[in-house]
Amino acid sequence: MNGETHVGVDVGGGGIRIRADVGGRPFDERDRAPVPRARGRIDEIRLATRIGELLAAVSPPGEPMRATRLAVGLTGMPELLDAAAFASALAARCDTTSIIVANDGLTTHLGALGGEAGTVIAAGTGVVASATDLASIWRRGDGWGHLIGDEGGGAWIGAAGLRAALRAADGREGSSPTLLAEARRRFGSTDDLIARVYGGEAPAHELAGFAPVVAEAARSGDQVAAGIWDRAGTLLAETAFAVSSGLPPRYSWGGKLFDAGELLLDPFRKELHRRAPGARVDPPVGQSADGALLLARRGLGEAAIALAGFAEEFRLKPHLAPRP
């Protein structure tokens, strides 16, 4: 493997992160802008351009990135993305013979459990659960997007917090004056809030940005905010348990939402242990970017995951890759 270059890319609501192994030397680069979208779908060309810019930052000075294999784990795969068009756009920006485009549930699973069997819940702006034995079983839960799914994720928490704030503006029960004050501080008037949430390019990103505010309110003693986080942890455990049937009762997690610590982990663990007494709930050994790099090193091979809509590999001829 010496002399080979493998690149893992994680694309999510919190931006893009690259982990590369260039001849045995590790590189790490990231940006935090939201995933570019066009007409409700991921904009493959703009996303590939941003990844290309990050690849240039981890390439040897004056040399283009030449990768043995590049693997990308991203939100919205396959529903919101044309994988072939995206691979073509990436090929125009990176000299490689193989590109894997994968759902970020797969790369989070590989990162959290180090490529071993079990169930992983990935929670950032959105939510997806992945359960596999890396042989014949592969299941996915949620990942339905912020409008009709992603229950317990960052956008869900932010939306719940804003609902509690607007209930306070209306004078209704179940409201949080604390969250209303914080919403006004962040957005301005309630009219400004609505314009930002409904009129922005990335509404889910806008909603998820309020989740840390809900966390601070919960830590400061706001019971409505605390209840939102408790419910979020319970929902994440419910989703993880639902897809884990027939697998070893080993669970882990990934995604930036879990940076909230025990505020989320405590209800998550409690609900899992209630549903699966004796289950192992292990801290992740790595992140989604680590999982993407592991996928780049391993490739798909004959793994069942290649048939499950979670990942697709595009083999390219050097210097003859299709151009967008």
Specify whether the C-alpha gyration tensor of the range 192-298 places it in the rounded, prolate or oblate class, a ≥ b ≥ c being the square roots of the eigenvalues: rounded for a/c under 1.5, otherwise prolate if a/b is larger than b/c and oblate if not. oblate
Net charge of Cβ neighbours under 9 Å - reference residue 142; Lys, Arg +1; Asp, Glu -1: -1
In terms of the alpha carbon gyration tensor, root eigenvalues a ≥ b ≥ c, rounded if a/c is under 1.5 and otherwise prolate when a/b exceeds b/c or oblate, the range 25-129 is oblate
For the chain, what % of the accessible area comes from carbon and sulfur atoms, probe 1.4 Å? 51
In Å², and per residue, what accessible area does the chain have when probed at 1.4 Å with the other protein chains present? 44
Return a whole-number percent for the relative contact order of the chain, with Cα pairs under 8 Å and 6 or more residues apart as the contact set. 25
5 Å binning of all Cα-Cα separations within the range 120-218, expressed as whole percents from 0 upward: 3, 13, 21, 20, 16, 10, 6, 4, 3, 2, 1
For the chain, with +1 on Lys and Arg beta carbons and -1 on Asp and Glu, the positive-most of 136, 212, 96 along the dipole: 96
Considering only the other residues whose Cβ falls under 10 Å of the Cβ of residue 151, what net charge follows from Lys and Arg at +1 and Asp and Glu at -1? -2
In whole Hz, what ³J(HN,Hα) sequence does the range 4-10 give by Karplus (6.51, -1.76, 1.60; θ = phi - 60°), x for Gly and Pro? 7, 10, 10, 10, x, 10, 10
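Compute the relative contact order of the range 172-247 as a whole-number percentage, counting only Cα pairs closer than 8 Å that sit 6 or more residues apart in sequence. Don't jump to the answer; show the numbers that get you there.
Working: 35 pairs, mean separation 20.3, N = 76.
Here the relative contact order equals 27 percent.
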With angles folded into 0 to 90 degrees, how steeply does helix 190-199 sit against the dominant principal axis of the chain? Use alpha carbons for both and round to 10. 30
What does the extension gain come out to for residue 259 and residue 172, with contour length at 0.36 nm per residue minus their alpha carbon separation? 28.2 nm
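Kindly sort 136, 175 by accessible area of their heavy atoms, largest first, with the probe set to 1.4 Å. Walk me through the numbers on the way to the answer.
Details: 136 100, 175 35 Å².
The ranking, largest first, comes out as 136, 175.
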Could you calculate the FRET efficiency of residue 84 with residue 196 from 1/(1 + (r/R0)^6), where r is the beta carbon distance between them and R0 is 45 Å, rounded to 0.05? 0.85
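The values are calculated or read from the model by the stated rules, or taken from the named source; none is laboratory data. Quick caveat: nothing in here was measured; it's all calculated off a predicted structure. For neighbour counting, all protein chains shown are included, and Cβ atoms are generated from backbone atoms with ideal geometry for every residue, glycine included. Just the protein is used for accessible areas: all its heavy atoms, side chains included, with ligands, DNA and RNA removed. Shrake-Rupley method; radii C 1.70, N 1.55, O 1.52, S 1.80 Å.
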